[in-house]
Amino acid sequence: MQKSKNQKIIIDCFKCRNQADCCKFGAWIDLEEAKKILSLGIKGDFFHLEIDKEFPSGYKVGTSYEDEQCVFQDSDGLCRIHKIDYAFKPVTCKEFPYEGDKMSPIAKVLCVEHKSRIKKAKAGKKK
């Protein structure tokens, strides 16, 4: 059965054995979300303030420096923001591996569940 181009692939993050992998390179988040997170006093910084009209405030900031892991990731691999209050977790983090209705292009690199689906699909085509 083929899926239509508009059909959203469902990824169950709870099945993932490496849930911290998607935080490997941090995320772009809205500047206003960053301000709320800073008000919680959670250890961590934001980097690379940029103009981006796709974000509600018109600005985005990164949660990592260069290609390092997210600064809000604890040594146990879990998100410090999520531990304090899920409501403050950035939208881009809550929605990953999606961007809106589509699979994020970076999901092929960071999302273990998505990568395994790609491998299974390729193996099925070879038969």
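The values are calculated or read from the model by the stated rules, or taken from the named source; none is laboratory data. Given the structure is predicted, the values throughout are model-derived calculations rather than measurements. Don't worry about glycine lacking a Cβ; one is built from the backbone with ideal geometry, like all the others, and counts go over all protein chains shown.
In the range 83-99, the residue that is surrounded by the most Cβ atoms within 10 Å (Cβ to Cβ) out of those that are at pLDDT 85 or above and not small (Gly, Ala, Ser) is Pro90. In the range 20-35, the residues that are under 22 Å from Pro56 (Cα atoms) form Cβ pairs under 6 Å with partners that are assigned to a loop (DSSP other than H, G, I, E, B) and at pLDDT 95 or above, at six or more places apart or across chains, as follows: Asp30/Ser57; Leu31/Ser57; Glu32/Ser57. Pairing residues of the range 80-96 that are over 13 Å from Ile42 (Cβ atoms) and free of Cβ contacts under 8 Å to residues at least 12 places away in the same chain with residues that are assigned to a helix (DSSP H, G or I) and of a type in the set (Ser, Thr, Tyr), at Cβ distances under 9 Å and at least 6 apart in sequence or on separate chains, gives Lys94/Tyr86. For the range 49-63, a residue qualifies if it is within 14 Å of the chain's Cα centre (by Cα) and either at pLDDT below 85 or assigned to a loop (DSSP other than H, G, I, E, B) (or both), and exactly one does: Thr63. Where helices (runs of 4 or more DSSP H) sit wholly within the range 64-112, those with at least 2 residues that are in contact with a strand residue (DSSP E or B) (Cβ under 8 Å, 6 or more places away or on another chain) occupy 91-95.
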